[in-house]
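Report on the following structure.
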Amino acid sequence: MDADVIIVGAGLSGLVAAQELTSRGRKVALVDQESAANLGGQAYWSFGGLFIVDSPEQRRLRVKDSFELAWNDWQGSARFDRLDDEDLWAERWARAYVEWAASEKRSWIDAQGIKLTPIVGWAERGGLRADGHGNSVPRFHVAWGTGTGVVAPFVRAARRAADAGLLSFHHRHRVDELIVQNGAVTGVRGSLLADDDSPPRGVASNRDVTGSFELTAQAVIVASGGIGGNLDLVRQSWPQRLGTPPQSMIIGVPAYVDGRMLGISAAAGARMVNRDRMWHYTEGVQNWNPIWPGHGIRILPGPSSLWFDALGRRLPDPCLPGYDTLATLKYLRTTPDIAEYDHSWFILNQRIIEKEFALSGSEQNPDITSGDRTAVLRGRLFGKGAPAPVEAFKRHGADFVVARTLEDLVAKMNELTDKPLLDAAELRRQIEARDLQIANPYSKDAQVQGIHNSRRFLGDRLTRTAVPHRILDPQAGPLIGVKLHILTRKTLGGIQTDLDSRALGADGSPVPGLYAVGEAAGFGGGGVHGYSALEGTFLGGCLFSGRQAGRAAADAVA
C-alpha cells in the first residue's frame with residue numbers, strides 16, 4: 001500500500017479529511033490534477049461565509065435564533081420529495097448538519113483557528129412565507145480572511161503532516177480510474193500531467209500527459225468538487241423545471257471544477273443522485289480583470305436595487321435582490337417572452353451602490369481577506385464612496401453604465417444588447433410608482449417592506465441597507481444600470497453517502513473502500529440542500545462532510 005487512505009482533490013473538504021486522518025496517525029496520499037499553487041481549491045476564492053445558528057455574533061446583534069427555527073427554514077428550502085430514494089440520506093445529513101451548526105460548529109471552527117468578523121449577513125431572505133424558502137434571520141457569518149482564512153488552517157495542517165511523514169502531495173496527478181478489486185476500491189490510476197507551475201492560482205493549466213501513475217490504499221476519498229466549470233455538464237444536467245439553459249453563461253469557479261470524478265466514481269459502482277439539482281446565481285457580472293476563462297463575479301446585493309427583466313419589466317415577488325436565487329432563475333428561464341434572453345438588469349443609484357453592493361470572493365474583499373480591521377471600519381462603516389473593488393467594476397466593468405438622467409441611462413443600457421429592448425418611458429413609470437411608496441415607513445410594495453424590515457436589523461442598518469429614498473432623487477445620483485448574467489456555481493446533487501461519508505451503490509449498501517465528501521457528494525448524502533441552499537452552507541458542508549469522512553475512514557483502516 002502507498003498510503004492508508006488516498007484523497008482525490010486538494011480542496012477544502014479533502015484537506016479537512018486529511019487533517020482528521022493524519023491527526024489519528026493514518027498515512028494519506030493527497031492527489032490533485034493542479035499544482036501546489038491551487039492547494040485549497042475553489043474555497044480559497046469564496047467570501048468565507050459560514051451558516052451558524054444561535055452564535056455569539058448573532059446574540060450581540062440581538063438576533064434570536066434556534067435549532068428549531070433553522071431546521072424549519074432548511075426543510076422549507078430543501079423541499080425533500082424523494083425521501084424513499086434519492087433524498088433518503090440527504091435529509092438525514094441535513095438534520096445532522098443543522099444540529100452541528102446549532103451546537104459544536106462554532107467552537108470547532110474556533111479551535112481550528114478560523115476567526116469570525118462581527119458581520120452577520122442576511123443571505124437568501126426567502127420566498128416571503130414562514131414555511132417556504134429562506135433564512136428567517138441573519139446567519140451568514142464571514143470569516144476573517146474570507147475563503148483564504150477558512151482554508152489556511154487546513155493547508156497548514158497538511159504541510160505539518162507532510163513534514164512528519166504522514167502525508168504525501170501528488171500534484172499534477174489526474175485520476176482517470178478508481179481501482180476495484182473483488183468489489184472494493186483499493187486505489188487510483190491516472191495520468192501524470194506536465195509541470196505547469198508558472199500560472200498563478202486559478203489560471204487554467206495545461207493537460208499535457210507525460211506518463212501514468214498508480215497508487216494503492218485501503219480506502220479512497222473523492223473530494224473533487226462539482227461541475228460548475230464545465231458548461232457542457234451544466235447544460236446536460238439542467239432540469240426542465242428551470243426552463244432552458246442560457247446560451248451564454250459566465251463561470252464562477254476555476255476551470256478545474258470539471259466534474260470528471262463523478263463519472264469515474266459512478267463507473268466504480270457509486271450511485272449518483274439528484275443530478276438535476278444545481279445552484280447558479282442570477283446576479284453575475286463579467287470580471288473586468290479575469291483569472292480563469294469566462295470568469296464571472298457575483299454581486300451580493302442589498303435589498304434596494306430595482307430588478308428588471310430583459311424587456312424592462314420589474315421582476316415579481318419573490319424575485320427580489322438577495323431573496324430567492326432559484327425562484328429568480330426559474331422565472332427568468334421559464335417566462336416565455338424573456339427566456340430567449342440571457343440577461344436581466346439592476347437599476348440603482350450611487351447612494352445604493354455605496355451602501356449595498358458587495359462582490360463575492362476573497363480577491364474582491366481585500367480588507368476582510370487581509371484581516372485589516374481598521375480598513376474594514378474605515379471603508380465599510382465610516383468611509384465615503386463605494387468599496388474600491390465595487391468602484392473598479394463601475395468604472396471598468398463591461399456590464400456597468402452610469403448616467404445623470406434615466407433617459408441617458410436607458411440609452412446606454414440598450415447599447416449593451418444586440419438590439420434596443422428597453423423603453424425609457426415604461427421604466428420611468430415603474431420606478432416612479434416605486435418611489436411614491438418611500439414617503440412613509442409602511443408600504444404595499446413588498447420590496448419596500450423588505451427594506452424597512454432589513455433596517456430593523458442592526459447589522460444591515462450599519463453596513464448593508466441604504467436609508468429608504470427615491471431611486472430618481474437627483475441628490476442620490478448618478479443612476480447606474482448593471483447587466484446581469486447567469487453565473488455557474490454549485491452542484492447540489494452528487495454521490496450518495498451515508499452519515500460516515502461512505503459512498504453507496506445502486507443497492508443502497510456501501511461500496512467497500514470508497515468515500516465521498518464536499519460538492520462531489522452534494523455536500524453530504526448526495527444532496528443535503530435539497531432544491532435550494534440557505535447560503536453559508538457550501539463551505540460548512542465541506543467542513544462537516546470532510547470531518548465525518550476523515551474520522552470514519554481513520555477507524556476503518558485502523
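The values are calculated or read from the model by the stated rules, or taken from the named source; none is laboratory data. None of the values given here were measured: they were computed from a predicted structure. Cβ sites come from the backbone with ideal geometry, for glycine too, and all protein chains shown count toward neighbours. To get the accessible areas, we keep the full protein, side chains included, count just its heavy atoms, and leave off ligands, DNA and RNA. Shrake-Rupley method; radii C 1.70, N 1.55, O 1.52, S 1.80 Å.
Please give the net charge around Gly226, taking every other residue with its beta carbon less than 13 angstrom from that of Gly226, where Lys and Arg add +1 and Asp and Glu add -1. The answer is +3. For Asp176, the amide hydrogen comes within under 5 Å of the amide hydrogens of Arg189, Gly190, Ser191, counting only partners 5 or more places away or on other chains and with H modelled in the peptide plane.
Please label the shape of the stretch 310-418 as rounded, prolate or oblate, based on the square roots a ≥ b ≥ c of the eigenvalues of the alpha-carbon gyration tensor (a/c under 1.5 means rounded; beyond that, a/b larger than b/c means prolate, else oblate). Here the stretch 310-418 falls in the prolate category. Of all DSSP-defined beta bridges confined to the chain, some 70% are antiparallel rather than parallel.
For the chain, the longest principal axis of the Cα atoms and the long axis of helix 424-435 meet at an angle of about 90 degrees.
Against the main long axis of the alpha-carbon atoms of the chain, helix 67-78 sits at an angle near 90°.
With θ taken as phi - 60° and the Karplus curve 6.51 cos²θ - 1.76 cosθ + 1.60 applied, the whole-hertz 3J(HN,Hα) list for the stretch 278-290 is 8, 9, 10, 8, 9, 10, x, 10, 5, 6, 6, 10, x Hz, x standing for glycine and proline. Mind running the shape call on the stretch 29-120? Use the C-alpha gyration tensor, a ≥ b ≥ c as the square roots of the eigenvalues: rounded below 1.5 for a/c, prolate if a/b tops b/c, oblate otherwise. Oblate, because a/c is 1.5 or more while a/b does not exceed b/c.
Within straight-line reach of Lys115, meaning a Cα separation under 28 Å, sit the following lysines at least 8 residues removed in sequence or on another chain: Lys64, Lys105, Lys355, Lys384, Lys490. For the stretch 1-121, the solvent-accessible area works out to 37 Å² per residue, with a probe of 1.4 Å and every protein chain left in place.
Figure note: Arg174, Arg395, Arg461, Arg373 ranked by solvent-accessible area, largest first, 1.4 Å probe, ligands and nucleic acids not counted: Arg395, Arg373, Arg461, Arg174. With the simple model of a label 7 Å out from the Cα in the direction of the Cβ, Ala558 to Ala194 spans 4.8 nm. Rounded to the nearest 500 deg cm²/dmol, what is the calculated helix-only ellipticity per residue at 222 nm for the chain, with -39500 (n - 2.57) per DSSP H run of length n ≥ 4? Calculated from helices alone, the mean residue ellipticity at 222 nm is -9000 deg cm²/dmol. The residues of the stretch 316-456 present an accessible area of 47 Å² per residue when probed at 1.4 Å with all protein chains retained. Taking θ as phi - 60° and the Karplus parameters 6.51, -1.76 and 1.60, the scalar couplings of the stretch 329-339 work out to 4, 4, 4, 5, 9, 10, 6, x, 7, 10, 5 Hz in sequence order, x denoting glycine and proline. Cβ-Cβ distance of Phe382 and Asp163, R₀ of 45 Å, FRET efficiency by 1/(1 + (r/R0)^6): the value works out to about 0.55. When you count the other C-beta atoms within 10 angstrom of each residue and take the mean per peptide, 121-130, 436-445 line up highest first as 121-130, 436-445.
Surface composition of the stretch 100-251: carbon plus sulfur atoms contribute 48% of the solvent-accessible area (1.4 Å probe, protein chains only, all chains present). For Pro510, neighbours were defined as the other residues whose beta-carbon sits under 14 Å from its Cβ, and their charges (Lys and Arg +1, Asp and Glu -1) total -2. Pairwise Cα separations in the stretch 348-490 fall into 5 Å bins from 0 onward with the following percentages, short to long: 2, 9, 15, 19, 19, 18, 12, 6, 2, 0.
Rounded to the nearest 10 degrees, the inclination of helix 12-22 to the longest alpha-carbon principal axis of the chain is 30 degrees.
Working note: Karplus 6.51/-1.76/1.60 with θ = phi - 60° gives the stretch 404-421 the couplings 7, 10, 5, 5, 5, 4, 5, 4, 5, 4, 5, 5, 8, 10, 4, 9, x, 10 Hz, where Gly and Pro are set to x.
Compute the Cα gyration tensor for the stretch 508-556, then decide on rounded, prolate or oblate, letting a ≥ b ≥ c be the square roots of its eigenvalues: rounded whenever a/c is under 1.5, prolate when a/b is larger than b/c in the other cases, and oblate in all that remain. Oblate is the answer for the stretch 508-556, as a/c is 1.5 or above yet b/c matches or exceeds a/b.
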